[in-house]
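Participant: This is the structure I have questions about; it appears just below.
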Amino acid sequence: MIRFEQVSKVYPDGTTAVDGLSFEVREGELVTLVGPSGCGKTTTMMMVNRLIEPTSGRILVGGEDISGVDPVRLRRRIGYVIQQVGLFPHRTVLDNTATVPALLGWKKPRARERASELLDLVGLDPKVYGPRHPAQLSGGQRQRVGLARALAADPPVLLMDEPFGAVDPVTRERLQNEFLNLQATVRKTVLMVTHDIEEAVRMGDRIAVYGQGRIEQFDRPGAVLGTPATPYVAEFVGADRGLKRLSVTTIEPADLEQPPVARLDEPAAAAA
């Protein structure tokens, strides 16, 4: 669904933000981009909706080279969720959620009906919260409205820039769980930026671990934690990566009833 082909971004002062990126996000997959500040992960995401233009290479969305697509039309078919939410303070929650359908020319009753459906989907009763303004909501509720707005026009692709970073840890975990449940239903193609390896492991079907402008490893969470590709990745995911790996390791009842056994006289390779 999203494909990067040797994409680089070099600014006029010579700073290289990303260097020769090539990777693909499959349809219905949630890929997390994780790394330290300034490593290029947000630049990568913002090139998908052309808020930042690449210096070289190609980005394809749904098989189409986005360099030939009108940026405004492109952005209206890609959902975008940011940490600061970005709701319009003078508009009601319902009208905020209906923003993109209205821009696409939907008639007002249809746009508001869709907004009500999405508010209900993210756990906000539209009769209760629809007439309110953003200032009357908690941080977690505003984040849910931002997510509902991003989904309102049913975009195939969703970009998320540290969407849970501005809320407290308890609310963050709750929102993560709710989004994973929602994703199991809507199955959007999601590119999500985070600096938190635990969030990346928890949320992503696959993880891209960034060094400076490059992807050091791109794999399933269990593989990144179990077999780091480089010393940098091993250091970034942390010395407790074995414990983190347990959170993404599936254990079936049969594994507990008939566990694998290694004998003392077996060579290590056979035991592994």
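The values are calculated or read from the model by the stated rules, or taken from the named source; none is laboratory data. From a predicted model like this one, the values you see are computed outputs, not experimental measurements. Quick reminder, even Gly has a Cβ in these numbers, built from the backbone with ideal geometry, and neighbours come from all protein chains shown. These accessible areas exclude ligands, DNA and RNA; they are computed on the full protein's heavy atoms, side chains included. Shrake-Rupley method; radii C 1.70, N 1.55, O 1.52, S 1.80 Å.
Participant: Among 113-122, 224-233, what's the highest-first ranking by average C-beta atoms within 10 angstrom per residue? Could the numbers behind the result be given before it?
Facilitator: Details: 113-122: 19.6, 224-233: 17.5.
Ranking the peptides 113-122, 224-233 by packing returns 113-122, 224-233.
Participant: If you average over every viewing direction, what projected area does the convex hull of the Cα atoms of the stretch 114-247 give, in nm²? Mind dumping the intermediate values first?
Facilitator: Working: hull surface 36.1 nm².
Value for the stretch 114-247: 9.0 nm².
Participant: Take the Cα gyration tensor of the stretch 1-153, multiply each eigenvalue by 5, square-root it, and list the three semi-axes largest first, rounded to whole angstrom. Don't skip to the answer; put the middle values down first.
Facilitator: Numbers: eigenvalues 211, 59, 37 Å².
Value: 32, 17, 14 Å, ordered largest first.
Participant: Whole-Hz Karplus ³J(HN,Hα) for the stretch 213-230, in order, using 6.51 cos²θ - 1.76 cosθ + 1.60 and θ = phi - 60°, x for Gly and Pro?
Facilitator: Along the stretch 213-230, the couplings run x, 9, 8, 7, 7, 9, 6, 5, x, x, 6, 5, 6, x, 9, x, 6, 9 Hz.
Participant: Right, next: So, in nm, how far is label residue 108 from label residue 258 when the simple model puts each one 7 Å beyond its Cα toward the Cβ?
Facilitator: Going from the residue 108 label point to the residue 258 one covers 6.7 nm.
Participant: In nanometres, what is the gap between the two model label sites at residue 132 and residue 177, each 7 Å from Cα along Cα-to-Cβ?
Facilitator: Using points 7 Å along Cα→Cβ, the separation is 2.1 nm.
Participant: Taking percent of Cα pairs over 36 Å apart straight from the coordinates, which label in (i) 22; (ii) 10; (iii) 15 is the correct one?
Facilitator: Working out percent of Cα pairs over 36 Å apart from the coordinates points to (i).
Participant: For the chain, what number of Lys pairs, 8 or more residues apart or on separate chains, have alpha-carbon atoms under 23 Å from each other?
Facilitator: Working: 9/41; 41/188; 41/244; 107/127; 108/127.
Lysine pair count for the chain: 5.
Participant: Turning to a different aspect of this structure: Tally up the carbon and sulfur contribution to the accessible surface of the chain as a whole percent, 1.4 Å probe, everything protein left in place. Walk me through the numbers on the way to the answer.
Facilitator: Values: 7130 of 13960 Å².
Of the solvent-accessible surface of the chain, carbon and sulfur hold 51 percent.
Participant: Suppose a student asked you for the relative contact order of the chain, using Cα pairs under 8 Å spaced at least 6 residues apart; what percent would you report?
Facilitator: Values: 469 pairs, mean separation 63.7, N = 272.
Value for the chain: 23 percent.
Participant: Determine the per residue accessible area of the stretch 1-112 with all protein chains present and a 1.4 angstrom probe, expressed in square angstrom. Show your work: numbers first, answer last.
Facilitator: Numbers: 5370 Å² over 112 residues.
Normalised by residue count, the accessible surface of the stretch 1-112 is 48 Å².
Participant: I've got another one for you. Write down the accessible area per residue of the stretch 163-232 in Å², having rolled a 1.4 Å probe over the full set of protein chains. Write down the numbers at each step before the final one.
Facilitator: Values: 3050 Å² over 70 residues.
About 44 Å² of surface per residue is accessible.
Participant: Another one. Helix 139-151 versus the longest principal axis of the chain: what is the Cα-based angle in degrees, 0 to 90, to the nearest 10?
Facilitator: 80
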